[in-house]
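Trainee: Please find one structure pasted underneath; my questions will follow.
The values are calculated or read from the model by the stated rules, or taken from the named source; none is laboratory data. Note that the structure is a prediction, hence the values are computed from the model and not measured. We place every Cβ from the backbone using ideal geometry, glycine too, and count neighbours over all the protein chains shown.
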Ligand SMILES: Nc1ncnc2c1ncn2[C@@H]1O[C@H](COP(=O)(O)OP(=O)(O)O)[C@@H](O)[C@H]1O
Ligand SMILES: [Mg+2]
C-alpha cells in the first residue's frame, strides 16, 4: 500500500504560536507550538475543555486560527485547504457516519468525495473493511452498529484515500475496555506496518502512556509539557503520567465514563465552572 | 491535483436519492396532503367553480397541487442539512477536498430531484382523479417541476443554514409555506383579489411555477410560458447565490 504520495518534510505537523479565540468567549487555544515527527504517534492529553478539539479543527481546515502558523505535510491548511485535506484522514470526536446508509455505502461515498480512482476503490474498501473486521457486515445499515463498530468503520473510512496522517479525536471515549484495546491494536498496526503518522487526543492517561511516543499535556489552552512519556514522568519526579499530570497542572484529570456524550458535557461544564 | 468536482457533486446527489428511496414511509406519508386537497377541493368546489364560469376545476387545481407538493417537499428537504449537522455527517463532507459551493450544489440537486419525483407521483395521481393534461407538453411540465424544486430546495437549504435546531426550522417553514401556497393562485384565480394580495402573488416565486405548469399542461395561463420560465430561472440563480452564501458561513 502506498502511503506517501506527497513530498515529506521531517515534520508531518508543525505548529507555531497557534491561538484561537472564539467570539464572546475565552481563549480556547493559547499560543501553542509543537512538532510531530513523520511516522510517529503523538498524543494530546488534557481534560475536557482544554482545547484539544479546537486544535484538531484548526489542523484539519475546519477552523481558521486567530493567529499563528500551521504546516500539515508542509502545507498551509488555510491557503491550501484542498491539498491538505487530501493528505490526512480524521476520526471526529462525535460520530460522523450516515446511519441510513450501509457500511459499504459510507466507504463508497467517501472514496467518491476524495477522488479515489474508481478502479482502485472497491479493492481498497475491501482491504480496509477486512482490516477493521467489518467486511462481513458491509451491507448492514450503520444504524444497527454498536459504538465500537462505528468507530472501526470511521477509522477504515479515514484511511481510504491513503492519507499520510491520521487524526483521532478521543477515539476511545465511551467505549468499553475490550473495544478500546481493539482500537489501539489497529492504530498500532497502522503506525508500525504502514508508517502512518498518528495524532490523537485523549483524556485517558494510560492510553497516552502506552500508545504514544510523545505526549503533549494541554490545559486551559496551553501546552504544559511536551516530551516522551518516560521523560515526563522522570522529570517531574513522579511514578506515573497520572501523578505527573497532577503535579504539572495542580489537579487530576477526572475520568468521567458517562454513558451519553451529553451527560459527560454537562458534567464537564459543571466541573470546570465549579473550579473558577 | 486533478479536479473531482463533478463526481463529488454526483456522489452527494446519489446519497440523497438512496436515502429517499429507502424511506418509503416518508414518500407515502407526504402524498396524503396533496390527495386530501385534490379530493376535498376538487370534488367539493368543482361545481361552484364551473357555475362561476371557471371551467373544469380539476384542470385548474391539479397543476397547483403538483406545484404545492413539490414546494413543500423541497423546502422541507432543507431539514436534512440540520440532521446532517446534528448527526455529524456534515463534518465528513466539510472536511473533504470539495468546495462548499460544490457541496451546496450537490445537496440542492439531490433535494430538487427527490422533490421532482414526488411531483411526478402527484402528477400521476391527478390523472387518476381526472386531470387531462396536454401530453405533448409533458417535457415543459417536467422542466417547470424541476424549476420549482430547485428554487425551493435552495430556499430550504438557505433557511436551514441559519438554524440551530429542527423546531426552529419547522416553525419558519410553516410560517412561510402556507401564505406562499395560498397566495400563489394554486387553488383559485387571484385576478379579482384585493390589490395587496395580487402584489404578494406577483412577488411570490410559486405563482410563476404554478402558472408555468398550467401553461404547459392546459395551455391556459396568466403569463406566457416564456415569461414564467425566465422568472423561475432568475429566481433559481438568486436563491442559489443566497443559499451558497449562507451555507458558506455554516460552522461544524
Ligand atoms: N464554537 C465555539 N464557540 C465558543 N467557544 C467554543 C467553541 N468551541 C469550543 N469552545 C470552547 O473552547 C474551549 C475548548 O473546547 P474544546 O477544544 O472542545 O476542548 P476539548 O476538546 O479539549 O474538550 C471550551 O471552553 C469550549 O467551551
Ligand atoms: Mg474535544
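Trainee: Can you list the helices (runs of 4 or more DSSP H) lying wholly within segment B:157-231 that have 2 or more residues being in contact with a helix residue (DSSP H, G or I) (Cβ under 7 Å, 6 or more places away or on another chain)? Break it down into steps so the answer makes sense when it comes.
Mentor: On the way: elements: B:166-182, B:195-203, B:205-218.
Output list reads B:166-182, B:205-218.
Trainee: Next question. Quick test for you: out of A:53, A:61, pick the one residue that is crowded, with 20+ Cβ neighbours inside 10 Å and closer than 25 Å to residue A:188 by Cα.
Mentor: A:53
Trainee: Condition first: within 12 Å of ligand 2 (Cβ to nearest atom) and more than 14 Å from every other protein chain (Cβ to nearest Cβ). Now tell me which residues in segment A:50-70 satisfy that. Talk me through it step by step, then tell me what you get.
Mentor: Of segment A:50-70, the ones within 12 Å of ligand 2 (Cβ to nearest atom) are A:50-57.
Once the filter is applied, which keeps residues that are within 12 Å of ligand 2 (Cβ to nearest atom) and more than 14 Å from every other protein chain (Cβ to nearest Cβ), segment A:50-70 yields A:50, A:51, A:52, A:55.
Trainee: Which residue is nearest to the other protein chains (Cβ to nearest Cβ), if the candidates are limited to segment A:193-224 and must be more than 17 Å from the chain's Cα centre (by Cα) and away from ligand 1 (no atom under 16 Å from the Cβ)?
Mentor: My answer is A:194.
Trainee: Separate question: From the set of residues in segment A:161-189 that are assigned to a loop (DSSP other than H, G, I, E, B), buried (at least 21 other Cβ atoms within 10 Å of the Cβ) and within 16 Å of the chain's Cα centre (by Cα), which is modelled with the lowest pLDDT?
Mentor: If we take residues in segment A:161-189 being assigned to a loop (DSSP other than H, G, I, E, B), buried (at least 21 other Cβ atoms within 10 Å of the Cβ) and within 16 Å of the chain's Cα centre (by Cα), then A:173 is modelled with the lowest pLDDT.
Trainee: Can you confirm whether segment A:5-24 contains a residue that is within 16 Å of ligand 2 (Cβ to nearest atom) and within 14 Å of chain B (Cβ to nearest Cβ)?
Mentor: The answer is yes, given that some residue of segment A:5-24 is within 16 Å of ligand 2 (Cβ to nearest atom) and within 14 Å of chain B (Cβ to nearest Cβ).
Trainee: Pick from segment A:98-116 the residues that are farther than 25 Å from residue A:146 by Cα and not in a helix (DSSP H, G or I): which of them is nearest to the other protein chains (Cβ to nearest Cβ)?
Mentor: Within segment A:98-116, the subset farther than 25 Å from residue A:146 by Cα is A:112-116.
Filter again for not in a helix (DSSP H, G or I), leaving A:114-116.
Details: A:114: 6, A:115: 3, A:116: 9 Å.
Within segment A:98-116, the match that is nearest to the other protein chains (Cβ to nearest Cβ) is A:115.
Trainee: Give, as residue ranges, the helices (runs of 4 or more DSSP H) completely inside segment B:1-61 that count at least 2 residues that are over 23 Å from residue B:124 (Cα atoms) and within 14 Å of chain A (Cβ to nearest Cβ).
Mentor: In segment B:1-61, B:5-22 are the helices (runs of 4 or more DSSP H) which contain 2 or more residues that are over 23 Å from residue B:124 (Cα atoms) and within 14 Å of chain A (Cβ to nearest Cβ).
Trainee: May I pose another question? Buried (at least 19 other Cβ atoms within 10 Å of the Cβ), under 23 Å from the mean Cα position of the chain (by Cα) and either within 13 Å of chain A (Cβ to nearest Cβ) or not in a helix (DSSP H, G or I) (or both): is that true of residue B:110 in this structure?
Mentor: On the way: buried (at least 19 other Cβ atoms within 10 Å of the Cβ): yes; under 23 Å from the mean Cα position of the chain (by Cα): yes; either within 13 Å of chain A (Cβ to nearest Cβ) or not in a helix (DSSP H, G or I) (or both): yes.
The answer is yes for residue B:110.
Trainee: Let me ask something else. Output yes when any residue across segment A:41-58 is over 30 Å from residue B:21 (Cβ atoms), away from ligand 1 (no atom under 16 Å from the Cβ) and free of Cβ contacts under 8 Å to residues at least 40 places away in the same chain, and no when none is.
Mentor: Within segment A:41-58, not a single residue is over 30 Å from residue B:21 (Cβ atoms), away from ligand 1 (no atom under 16 Å from the Cβ) and free of Cβ contacts under 8 Å to residues at least 40 places away in the same chain.
Trainee: Of the residues A:47, A:77, A:95, which single one is part of a loop (DSSP other than H, G, I, E, B) and more than 14 Å from chain B (Cβ to nearest Cβ)? Spell out the reasoning first.
Mentor: Working: A:77 fails: more than 14 Å from chain B (Cβ to nearest Cβ); A:95 fails: more than 14 Å from chain B (Cβ to nearest Cβ).
Just one listed residue meets the conditions, A:47.
Trainee: Find the residue count for segment A:212-232, including only residues that are part of a helix (DSSP H, G or I) and surrounded by 19 or more Cβ atoms within 10 Å (Cβ to Cβ).
Mentor: Initially, segment A:212-232 is screened for residues part of a helix (DSSP H, G or I), giving A:229-232.
From the residues that got through so far, the ones that are surrounded by 19 or more Cβ atoms within 10 Å (Cβ to Cβ) too are A:229, A:232.
Counting residues in segment A:212-232 that are part of a helix (DSSP H, G or I) and surrounded by 19 or more Cβ atoms within 10 Å (Cβ to Cβ) gives 2.
Trainee: I need every pair where a residue in segment B:238-252 that is touching a residue at least 24 places away in the same chain (Cβ under 8 Å) has its Cβ under 6 Å from the Cβ of a residue that is within 16 Å of ligand 2 (Cβ to nearest atom) and assigned to a helix (DSSP H, G or I), sequence separation at least 6 or different chains.
Mentor: Close Cβ pairs satisfying both conditions: B:252/B:91.
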